[in-house]
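What follows is one structure encoded as structure tokens, with my remarks underneath.
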Amino acid sequence: MKTIIEPFRIKSVEPIRMTSHAERERYIRDAHYNLFNLHSSAVLIDLLTDSGTSAMSSEQWAAIQRGDESYAGSESYYKFYRAVSEIMPFKHIIPTHQGRAAEKILFAVIGGRGKKIPNNTHFDTTRANVEFTGAEAVDLLIEEGKNPREIHPFKGNMDINKLDNFIRKEKPENIPCVMLTITNNSGGGQPVSMQNIREVSAVCREFKLPFIIDACRFAENAYFIKKREPGYENKSVKEITREMFAYADGCTMSAKKDALVNIGGYLCLNSDEWALQARNLLILTEGFPTYGGLAGRDLEAIAVGLEEVLHEDYLQYRLRSTEYLGEKINARGVPIVLPVGGHAVYIDAKQMLPHIPVSQFPGQSLAVALYLAGGIRGCEIGSVMFGASAKMELVRLAIPRRVYTQSHIDYVIEVILDVYEKRDTLKGMKITWEPPALRHFTAHFNFV
Ligand SMILES: Cc1ncc(COP(=O)(O)O)c(C=O)c1O
């Protein structure tokens, strides 16, 4: 059959509260036109993020009941350890409360003034944690990855020549590790090929540098490899995943993505020396090494999620439903980042709203219009978020895992197309108040 269905039945439901246009006008005005300020009960379809918003399975909820809450040596930790090492076979596996806590600990150990850390594209929290130690975060993405309309199967790839030149110029002793983010969230959720992972690893071996993967969306990346990279079509996603991590010396992980849970993360390392220092820091900020900021029940849910996320019918549904949304709106003229990545569709607001100058935040205007028209909450990724250094004016519609059905997505398509039809009537926005840092979370806006 050609129809790809959601590979699950729904056992427990959470009502969506319907709202009228007039109500939404009031809610968004009271929120100062900042979607982060809305109560979630005022949102019909919440596409703000795919992080920590997954629906858990009946097996995960059952595992939660078996959580061993012992302070030390919890059986839940050993289940978690076995589940992680089955697909990410590193020597040390250190739980943390989420991905950025793993980053914070890693860079506290290996960062510092004068150090430089290359990546395809650092995610914001990764960059912030690198820079907090005084080190410099450097992005070395291939050129194709920077152009929203360029079609390339692996737009998340690292530029190997640039990496090689960078290491020679900056000297290996100033580079504590090389990172690779799979998939590349800040670059549109684009995947990295196995060939690129292998090449990054080879460069690291040549210069004797540790290679660390930011593994948040590892399963989505592995499925893209299966579908797009010659030689992998007949391998299982688990085999592909094991191969990806076999080239690395460690990884940071936000379990809030591809471990299908609402909270959690971990740091994996092969180095005994780094792991010793990381565990010492872990005890200061997260907790004892067999729970690291999580409850035993959280570790149980991660263990089950890591097994479920590799099911190929799930991954097929996951990537296809994201692609379906992008395909349908793009076919009617809505400009988006192409090809569609794994976890989100990015609308190019600058191209869609040429009458709104960048100084009047076209992404914010579009995000507000989608909320007013249909209660959809997306996220501006442009000049509001990055200020003058923004390279694009995008609205990201991130799809939570296993949460929405095809009719929800069809509704989202209808709302986007409705806004697209009346795009000429959308107005620019201005900031009426902003905090000193990270303004996108709390700034106040109004129409110009
Ligand atoms: C690529 C990437 N790395 C790191 C993180 C940080 O993870 P967390 O939100 O669990 O701290 C995220 C979260 O969105 C991410 O997408």
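What are the ³J(HN,Hα) values, in whole Hz, obtained from phi via the Karplus relation 6.51 cos²θ - 1.76 cosθ + 1.60 with θ = phi - 60°, for each residue of the stretch 385-402 in sequence order, with x given for Gly and Pro?
6, 10, x, 5, 7, 5, 8, 9, 10, 10, 10, 8, 10, 8, 9, x, 7, 6
Amide H neighbours of I336 under 5 Å, at least 5 residues apart or on other chains, H built in the peptide plane: list them.
D348
Starting from the stretch 286-370, pick out the trypsin sites (Lys or Arg not before Pro) whose DSSP state is loop and whose Cβ has at most 13 other Cβ atoms within 10 Å.
R332
If I model a spin label as a point 7 Å beyond the Cα along the Cα-Cβ vector, how far apart are those points for L284 and E233 in nm?
Placing both labels 7 Å beyond Cα along the Cβ direction yields 5.3 nm.
Amide H neighbours of K91 under 5 Å, counting only residues 5+ apart in sequence or on other chains, H built in-plane at 1.01 Å?
Counting only residues 5 or more places away or on other chains, the set is L269, N270.
Lysines within cross-link reach of K227: Cα-Cα under 19 Å, excluding same-chain residues under 8 positions apart?
Filter leaves K2, K155, K235, K238.
Grab the Cα-Cα distance for T3 and A202, subtract it from 0.36 nm times how many residues apart they are, and report the gain in nm with one decimal.
67.5 nm
Using a Förster distance of 51 Å, how high is the FRET efficiency between Q65 and Q351, based on the Cβ-Cβ distance and rounded to 0.05?
That gives a FRET efficiency of 0.55.
Which angle between 0 and 90 degrees, to the nearest 10, do you get for helix 21-30 versus the longest principal axis of the chain when only C-alpha atoms count?
That helix lies at roughly 60 degrees to the long axis.
Which of the aspartates and glutamates could a cross-linker bridge to K91, judged by Cα under 15 Å and excluding same-chain residues fewer than eight apart?
Excluding near neighbours in sequence, the set is D249, D272, E273.
Tell me, rounded to the nearest percent, the portion of alpha carbon pairs in the chain spaced more than 29 Å apart.
47 percent
Between the stretch 154-211 and the stretch 212-234, how many Å separate their Cα centres?
16 Å
Thinking of the stretch 1-74 as a set of Cα atoms, what percent of all their pairs are more than 15 Å apart?
Across the stretch 1-74, Cα pairs with separations above 15 Å total 73 percent.
Kirkwood Rh, Cα Rg: Rg to Rh for the stretch 214-310? Intermediate results must be reported in sequence, preceding the final value.
Working: Rg = 14.9 Å, Rh = 14.6 Å.
Taking Rh as the inverse mean 1/r over Cα pairs, Rg/Rh reads 1.02.
Need one number: the % of Cα-Cα pairs in the stretch 363-448 sitting beyond the 16 Å mark.
58 percent
Which of the GluC sites (Glu not before Pro) across the stretch 9-84 are loop residues per DSSP, with 12 or fewer other Cβ within 10 Å?
Qualifying residues, ordered by number: E69.
Under the rule of at least 5 residues apart or a separate chain, name every residue whose amide H is placed under 5 Å from the amide H of T96.
G265, Y266, L267
Calculate the translational D of the stretch 156-261 in whole µm² s⁻¹ from Stokes-Einstein, where the hydrodynamic radius comes from the Kirkwood formula applied to all Cα pairs, the temperature is 37 °C and the viscosity 0.692 mPa s.
Values: Rh = 14.1 Å.
Once the numbers are plugged in, D ends up at 233 µm²/s.
Hey, rough spin-label estimate for E243 and K427, points 7 angstrom out along Cα→Cβ, what's it come to in nanometres?
Placing both labels 7 Å along Cα→Cβ, they lie 5.6 nm apart.
At R0 = 25 Å, how high is the FRET efficiency between V448 and H39 if r is their beta carbon distance? Nearest 0.05 is fine.
Details: r = 26 Å, r/R0 = 1.05.
With R0 = 25 Å, the Cβ-Cβ based efficiency is 0.40.
Please turn the phi angles of the stretch 346-358 into ³J(HN,Hα) values with the Karplus equation 6.51 cos²θ - 1.76 cosθ + 1.60 (θ = phi - 60°), one per residue in order, whole Hz, x for glycine and proline.
With the stated coefficients, the stretch 346-358 comes to 10, 8, 7, 5, 5, 6, 6, 10, x, 7, 9, x, 4 Hz.
According to a simple spin-label model (label point 7 Å from Cα along Cα-to-Cβ), what is the distance in nm between E143 and N161?
The modelled label-to-label distance comes out at 0.8 nm.
Taking the 0 to 90 degree range and rounding to the nearest ten, how far is the long axis of helix 194-206 tilted relative to the main principal axis of the chain, both from C-alpha atoms?
Long axis of 194-206 versus the principal axis of the chain: about 40 degrees.
Can you list which of the GluC sites (Glu not before Pro) found in the stretch 227-295 are DSSP loop residues with at most 13 other C-beta atoms within 10 Å?
E233
Under 17 Å between alpha carbons, and skipping anything fewer than 8 positions from K430 in its own chain: which lysines qualify?
Straight-distance partners of K430: K350.
Spelling out what I want: for every residue of the stretch 270-286, take phi, set θ = phi - 60°, compute 6.51 cos²θ - 1.76 cosθ + 1.60 (Karplus), and round to whole Hz; glycine and proline get x.
Once θ is set to phi - 60°, the couplings for the stretch 270-286 become 8, 6, 5, 5, 5, 5, 4, 5, 5, 5, 4, 5, 4, 5, 5, 10, 10 Hz.
Read the figures in this text as sums done on the coordinates, not as results from a lab. All figures in this text were calculated on a predicted structure; none of them were measured in a lab. So basically every Cβ, Gly included, is an ideal-geometry build from the backbone, and we count neighbours across all protein chains shown.
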